[in-house]
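For reference, the structure is listed below as structure tokens.
The values are calculated or read from the model by the stated rules, or taken from the named source; none is laboratory data. Not measured: the values here are computed from a predicted model. Methodologically, a virtual Cβ is constructed for each residue, glycine included, from the backbone with ideal geometry; neighbour enumeration extends over all protein chains shown.
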């Protein structure tokens, strides 16, 4: 039997990594970080336990990378619904609403993600390939609005979104989603009627 071509091996590797990351976000959202083991993740993914450690250098890195992937895929799907000639403000409103909506929909996962980033012994913010893909989407949105330095403006937007998510998710002191959304929309000069969060019934719209 001839050996598999490199492209086939790479495709298999990518599929295995995707299954591991999908299992990670599901389990952490269900059980929390402490209640999820690498063995649990391997079982949910249907892969050998050793593959998880082979592809990812630790549970914290795996969780951050998996969350970045979820954010990237969710935002990519939301932006794909827009037309190329849609108002650039609509693109930014959709990006903001998508991130805030994900925080509300996956609150345990997103709380865990933020806590790991802020923990002094966690290694800080991991700028892995998944995070870079997510960042590239946001930079593209900012370019549509005429950003002269999309990299720097992305850093500011990222900080604003992280702060907004913390406001939504702070246990025992959660801020109204409508107030959080309203504040960030004002900062960027966006019409409150733009974006999926403006739809009646949305958690981001209701006071």
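Couple of notes before you dig in:
- When the criteria are applied in full, residue 142 meets the requirement of being touching a residue at least 40 places away in the same chain (Cβ under 8 Å), in a helix (DSSP H, G or I) and either assigned by TED's automatic domain parsing to the domain that holds residue 64 or loosely packed, with under 14 Cβ neighbours inside 10 Å (or both).
- A count restricted to the stretch 183-200 and to residues that are in a loop (DSSP other than H, G, I, E, B) and either under 20 Å from the mean Cα position of the chain (by Cα) or surrounded by fewer than 17 Cβ atoms within 10 Å (Cβ to Cβ) (or both) stands at 8.
- Positions within the stretch 101-113 being under 16 Å from residue 177 (Cβ atoms), in contact (Cβ under 8 Å) with a residue 24 or more places away in the chain and assigned to a helix (DSSP H, G or I), in sequence order: 101, 102, 103, 104, 107, 110, 111
- Taking the stretch 64-93 as the range and being closer than 18 Å to residue 193 by Cα and in a helix (DSSP H, G or I) as the test, the residues that pass are 78, 79, 88, 89, 90, 91, 92, 93.
- Exactly one residue among 180, 117 is in the same structural domain as residue 97 (by TED's automatic domain parsing) and surrounded by fewer than 17 Cβ atoms within 10 Å (Cβ to Cβ), and that residue is 117.
- Flag not set for residue 58, criterion: surrounded by fewer than 17 Cβ atoms within 10 Å (Cβ to Cβ) and touching a helix residue (DSSP H, G or I) at 6+ places or on another chain (Cβ under 8 Å).
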